[in-house]
Amino acid sequence: MAAKIALIWPEIALFITTCLVMLLGLSPNKQWRSLCLPASMVGLTVAGVLAAMGMGVGGPVGDTPLPYLPGFIKVTVAGVGLLLLLLQAGLIDRREEALIASGRAFSALRTNRAEYFALVLFSLTGLMLCASAGDLIWLFLALELTSLPTYVMVAMSSSRNRAQEAGVKYFYLGALGAATFLYGFVMLYGGTGTLQLATMAEVIAAEGVNTITMAGLLLSVLGLAFKIAAVPMHFYTADVYQGAAAPVSAFLAFVPKTAGFVALLLICSAVGWTHGESGNALPEALRIMLWVMAAVTMTVGNVLAILQNSIKRVLAYSSIAHSGYMLVGLLAGPGDGTFGGSGVSAVLFYLAAYGVMNTGAFAVIACLERKAADRGEPMEVEDFDDLRGLWKREPALGVLLAIVTLSLLGFPPLLGFMAKLPLFTSGISAGEIALVVVLGLNSAIAAYYYLRIVKAAMIDDPRGEPGAADSAVHHPAYNLRLVTGLCSALGVVALAILAGQLAERVTEASGYIAPVGPSQPVGSATVLETETLPVQLPMT
Amino acid sequence: MLDLFLAQSAFPQAMGQGVLAHYLFVSAAMFTLGLVGFLTRRNLIIMFLCTEMMFQAAGIALVAFSRYHLNYDGQTFVIFVLTVAAAEAALALALVVFLFRKRDSLSAEAWLEMKG
């Protein structure tokens, strides 16, 4: 119990911050109210530092077959979360704040700032809790805590109808996904008789995978496919990313995806990469399902991305494709435990890299706003034409967009390339040659639309008609968003330079303890052994 | 203490596989009906109730498995599932009211602006 609490100090710090932010945002005093963002960032930094300190202890910190995972995930979440938080500046209450500045009385009922930042922090807390999970109840609750706030964030991110449409689609498919993986978890419990992941690993190692457990595994993976936006649960992605404001889309591309991958890693670790002929693969049915899912997901994502004209939809489909890439690492498993051979460390590396790159891309989009024809809230940049000549209009944004896009493409020597390489090597060392070929082909397809973005921004001339550039608006949060973009681009470069260090960290974090048969006695507090009961009966 | 309670309440009898199968059948039927309803109905409230039904299907299976394995993990899980289902219901109803005010319609078809 005490060990478990020691594991979640970062989440506790984050929760206290959340409570504080909820109060701060309701203050009639503008100074206090604007403290919401700095306070959230301080809280997240504290959580990150606490997690980093816990990581330095050296021993295993979790109670799953992947015991070193929590520390790394939490530090990554804190790092990328800081970028994402900074990006949320000026998104909520823009109109209300302008009205208050021009003399309207403050009303706590009309402002949403406190709730919004609380929702962001709750979601990040849930993500960190996912990494600490040791049993399926905890994992389920953490996944829901990650997702529920994001549904609200999407719906309130903009007053346009598209945001509400995105909110309703996201919520309903999210509920379907949650019900599916919940049913999967129930089947896992039914098949193994325990909810503890470590005990489950022992039971499966001793008795093998029975039918109910296998059904549970497949359903869990199917339900979690919603969180990572993988086929066949990817339908919402493009609409939701397009409908939500760009800062929220950036949030959705990292937070639920990371939660989904952490959950998938934990569940696969409980099954163990100890099956198959070679003894280091997942059970055959699960392997085939993940194989097909990975191949179809990356192909669908990339092919549909080519057909899009809206930048946010392109990024949404590319987000689907990136999930497909990462599934290769999940399938490959820990392998020999080295950086090049372990799919788990490849997934962790890719998650961190993807978070940084993708936030940068969405930050540039969030910076580009223009006056709406209907004098409503400013419109975001929509299609490739809006990006044309960005380099001439706003050189900084143009360069930023080029860097992060090339990195997303996996252009050497940028971060995206470093992240993709271990996915290839781990796939090859796991013997999944065909899948690695699909991965390579897809990386080539992806070049088309990424380079199209770079070409529009850097090479094409600005659009002819006057007014396109004039109507660009710089809202008060423009600078903060620009800083977010700069930090992401810096992160892309810095992480590429420090890739060796990051590789060490992820290799450490992906340490996998292959389960062996049950150690006696199994979870004495929770599992009541049936044989002992008749003996105790006469005593009553 | 727990053992004492178990002994007194005549709980320790494990459920046979035949009985378990009945419970699982009901649970699977509920889950499937919920899924089919979700995919075929277009009323937002009905669609939400369908996902609730899928949640409750999981609850039934949990209780049955709990009795089958003779441990309390499953029953504990049910309480959390109910809590999450309640939280989701609060969210869904708030969202539905919000959407209804915008479009005066409960149909999911009223929200099909984005395509592609």
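Annotations
- Anisotropy class assigned to the stretch B:15-106 is oblate, per the alpha carbon gyration tensor with a/c at or over the 1.5 cut-off and a/b no larger than b/c.
- Estimated distance in nm for a label pair at A:LEU109 and A:ALA285, the labels positioned 7 Å out from Cα along Cα-to-Cβ: 5.5 nm
- Highest to lowest packing among B:40-49, A:170-179, scored as the average C-beta count within 10 Å: A:170-179, B:40-49
- Solvent exposure of the stretch B:15-106 amounts to 48 Å² per residue of accessible area, where only protein heavy atoms count and the probe is 1.4 Å.
- Shielded residues, the stretch B:64-106 - accessible-area loss of 50 Å² or more between chain alone and all protein chains, probe 1.4 Å: B:PHE65, B:HIS69, B:LEU70, B:ASN71, B:ASP73, B:PHE77, B:PHE80, B:VAL84, B:GLU88, B:LEU91, B:LEU95, B:LYS102
- Gaussian network model of chain B, Cα within-10 Å springs - most flexible of B:THR83, B:THR32, B:THR51: B:THR83
- Peptide B:44-53 has a mean of 3 when you count, residue by residue, the C-beta atoms of other protein chains within 10 Å of its C-beta.
- Delta accessible area of at least 20 Å² on complex formation, residues of the stretch A:231-248, 1.4 Å probe, chain isolated as reference: A:ASP239
- Calculated FRET value between A:ASN309 and A:ALA2, using beta carbons and R₀ = 56 Å, to 0.05: 0.50
- The 3J(HN,Hα) values that the Karplus relation (6.51, -1.76, 1.60; θ = phi - 60°) gives for the stretch A:409-422 are, in residue order, 5, x, 7, x, x, 6, 4, x, 5, 4, 6, 6, 3, x Hz. Gly and Pro appear as x.
- Residue-normalised accessible area of the stretch A:30-73, given per residue in Å² at a 1.4 Å probe: 44 Å²
- The accessible-area loss of the stretch A:305-348 on complex formation, taken against its chain alone with a 1.4 Å probe, reaches 30 Å² or more at A:ARG313.
- Carbon and sulfur %, accessible surface of the stretch A:274-396 computed with the full protein complex present, 1.4 Å: 57 percent
- Lysine pairs within chain A, Cα separation less than 20 Å, 8 or more sequence positions apart or different chains: 14
- Percent of alpha-carbon pairs separated by more than 46 Å within the protein assembly as shown: 16 percent
- Summed buried accessible area for B+A [probe radius 1.4 Å, Å², rounded to 100]: 4500 Å²
- Distance in nm between pseudo-label sites at A:LEU218 and A:LYS30 (7 Å out along the Cβ direction from Cα): 6.1 nm
- Per-pair calculated FRET efficiency, R0 = 60 Å: A:LYS392 and B:SER107 via Cβ, rounded to 0.05: 0.80
- Note, ³J(HN,Hα) from phi for the stretch A:136-145, Karplus 6.51, -1.76, 1.60, rounded to Hz, x at Gly and Pro: 6, 4, 4, 4, 4, 5, 5, 5, 5, 5
- In nm, spacing of pseudo-spin labels at A:THR338 and A:ILE16 (7 Å Cα→C-beta vector): 4.5 nm
- For the stretch A:227-275, the square roots a ≥ b ≥ c of the C-alpha gyration tensor eigenvalues yield an a/c of 1.5 or more together with a/b not exceeding b/c, which makes the shape oblate.
- Accessible area, probe 1.4 Å, largest first, for residues A:ILE288, B:ILE60: A:ILE288, B:ILE60
- Length-normalised contact order for chain A - Cα pairs under 8 Å, 6+ apart - percent: 16 percent
- Accessible area of the stretch A:63-152 belonging to carbon and sulfur atoms, whole % at 1.4 Å probe: 65 percent
- Accessible surface of the stretch B:46-94 [probe 1.4 Å, protein heavy atoms]: carbon and sulfur percent: 80 percent
- Gyration tensor verdict on the stretch A:241-374 (Cα atoms; rounded if a/c is under 1.5, prolate if a/b is larger than b/c, oblate otherwise): prolate
- For the stretch A:180-310, relative contact order (Cα pairs under 8 Å, six or more residues apart, normalised by length) works out to 25 percent.
- For the stretch B:103-111, 3J(HN,Hα) per residue [Karplus equation, 6.51 cos²θ - 1.76 cosθ + 1.60, θ = phi - 60°, Hz, x = Gly/Pro]: 10, 6, 8, 9, 7, 5, 5, 6, 10
The values are calculated or read from the model by the stated rules, or taken from the named source; none is laboratory data. Since we're looking at a predicted model, the values are computed, not measured. Glycine gets a Cβ as well: all are built from the backbone with ideal geometry, and neighbour counts include every protein chain shown. SASA here: full protein model, heavy atoms, side chains in, ligands and nucleic acids out. Shrake-Rupley method; radii C 1.70, N 1.55, O 1.52, S 1.80 Å.
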